[in-house]
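Below is one structure, written out as structure tokens; comments come after it.
The values are calculated or read from the model by the stated rules, or taken from the named source; none is laboratory data. Just so it is clear, the model here is predicted, and its values are computed rather than measured. A quick note on method: Cβ atoms are made from the backbone with ideal geometry, for glycine too, and the neighbour counts reach across all protein chains shown.
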Amino acid sequence: MSAATAVTTTVPEFRAAGTDLSERRRSGVSCGPIIDLDAGPDMLGIDWAADGSARIGALTAIAAIASDRRIAQAYPGLAAAAQGLATPQIRQLATLGGNLAQRSRCWYFRNPQIACLKKGGSDCPARSGNHLYHVAFDLGPCVAPHPSTMAMALLAYDASVSTGYRRGLSIPELLGDGSNGSADNLLGTSERIERIELPAPLAGERALYKRAISRTHAEWPLVEICVRAVLSGGSFQQIHICAGGIAPVPLRLTACEAALRGKPADAATIAQAAELATSGARPLPMTGYKLDLLKGLVRDVVERITA
Ligand SMILES: Cc1cc2nc3c(=O)[nH]c(=O)nc-3n(C[C@H](O)[C@H](O)[C@H](O)COP(=O)(O)OP(=O)(O)OC[C@H]3O[C@@H](n4cnc5c(N)ncnc54)[C@H](O)[C@@H]3O)c2cc1C
């Protein structure tokens, strides 16, 4: 483990509601200049297009998304993810853009006395240290899971992100594939997220969100999933299964989806598919338990979505 005194980040940072940034300012981890974001009309609120697609401004509060009736109808998995994260107080302030761009929750990253890859260090202290809450899909040099619940749900909805410089970035284009251990996203310096676009929902689709958590509230999940499905004639016509808390980026569980698409929506098929949720997993010594949680969540949520 590399240790140093006052290991800080000095890059400029935007401040939206400051619920993540303020904690890192107080601890001394973040020391660069702050740029306050102000709510221009394009960055606030929810707009609907005639085709049923939605556009959410980056400064829209999580609570506004959680309580929006039309969002709950069109994108129930996104609404449930927003309703389930953090605390009522945090949700009231925290913004969607800030949620997507929030920094890692890794206790080594958050400790101003410890160097790590995300603070200019040369290794990941969690890999050889305490990584109980870290990844079970070891995809890159940093083993912290991506913290954003909303990014995971937006991945399930094929959402895209527009920034001050670029339009229509997919969630993988925004966050990367986990191989860049030095950053939580691929935004450039002073590139701000301006809005998030969601395609119109599929006809007849349903969706559910569920998290496994180490206490009942006010905590990031150990594992979380969002499932969307279209059922027709007793079979899965369409299925999207995304998971968070398990990898440096939210993951789409494609092996599991392939085992369900076009297949009967019965308990045996779902049980077999759930076993594939961990395809490609490479747990750390302390994170094997997350694979059982993931399989259990997938089986439970996919079964419930067929009911
Ligand atoms: C107890 C607790 C539990 C929590 N549980 C969860 C959880 O389960 N799931 C979850 O996802 N989150 C959780 N959170 C985190 C919370 O959702 C985030 O702190 C919040 O969403 C950040 O939004 P903000 O507007 O306050 O961002 P800020 O703190 O203002 O900014 C956070 C970071 O994002 C950058 N940023 C902000 N806006 C933009 C933008 N528009 N473009 C580019 N960069 C930007 C900032 O520069 C900064 O680096 C929890 C927080 C707490 C305190």
Inset, instruction - Please work out which residue is farthest from the ligand (Cβ to nearest atom), limiting yourself to region 14-57 and to residues that are touching a Lys or Arg at 6+ places or on another chain (Cβ under 6 Å), under 25 Å from residue 202 (Cβ atoms) and touching a residue at least 40 places away in the same chain (Cβ under 8 Å). - result: 55
Inset, instruction - Under 7 Å between Cβ atoms, at least 6 apart or on separate chains: pull out the pairs that start in region 237-252 with a residue that is closer than 21 Å to residue 180 by Cα and end on any residue that is in a strand (DSSP E or B) and basic (Lys, Arg). - result: 242/252
Legend entry - Candidate set: region 103-131, residues that are part of a loop (DSSP other than H, G, I, E, B) and among the polar types (S, T, N, Q); chosen: the one farthest from the ligand (Cβ to nearest atom): 122
Legend entry - In region 62-102, the residues that are in contact (Cβ under 8 Å) with a residue 24 or more places away in the chain, of a type in the set (Gly, Ala, Ser) and either in contact with a Gly (Cβ under 6 Å, 6 or more places away or on another chain) or assigned to a helix (DSSP H, G or I) (or both): 63, 66, 74, 77, 80, 81, 82, 84, 97, 98, 101
Inset, instruction - Hey, can you tell me all the residues within region 261-295 that are of a type in the set (A, V, I, L, M, F, W, C) and within 23 Å of the chain's Cα centre (by Cα)? - result: 273, 274, 276, 277, 281, 284, 286, 291, 293, 294
Inset, instruction - Would you mind telling me which numbered condition in (1) touching a helix residue (DSSP H, G or I) at 6+ places or on another chain (Cβ under 9 Å); (2) closer than 24 Å to residue 76 by Cα residue 305 fails? - result: (1)
Legend entry - Yes/no for residue 219 being assigned to a loop (DSSP other than H, G, I, E, B), charged (D, E, K, R) and surrounded by fewer than 22 Cβ atoms within 10 Å (Cβ to Cβ): yes
Inset, instruction - Check off (1) closer than 18 Å to residue 136 by Cβ; (2) of a type in the set (Ser, Thr, Tyr); (3) within 16 Å of the ligand (Cβ to nearest atom) for residue 254 and give me the number that stays unchecked. - result: (3)
Legend entry - Out of 229, 259, sole residue that is in a helix (DSSP H, G or I), crowded, with 16+ Cβ neighbours inside 10 Å, at pLDDT 95 or above and not aromatic (Phe, Trp, Tyr): 259
Inset, instruction - Go through region 1-52 residue by residue and tally those that are modelled with pLDDT of 95 or more, among the polar types (S, T, N, Q) and part of a loop (DSSP other than H, G, I, E, B). - result: 1
Legend entry - Hits in region 132-184 - residues which are β-branched (Val, Ile, Thr) and within 11 Å of the ligand (Cβ to nearest atom): 149, 161, 163
Legend entry - Verdict on residue 274 being at pLDDT 95 or above, buried (at least 17 other Cβ atoms within 10 Å of the Cβ) and either in a loop (DSSP other than H, G, I, E, B) or in contact with a Cys (Cβ under 9 Å, 6 or more places away or on another chain) (or both): yes
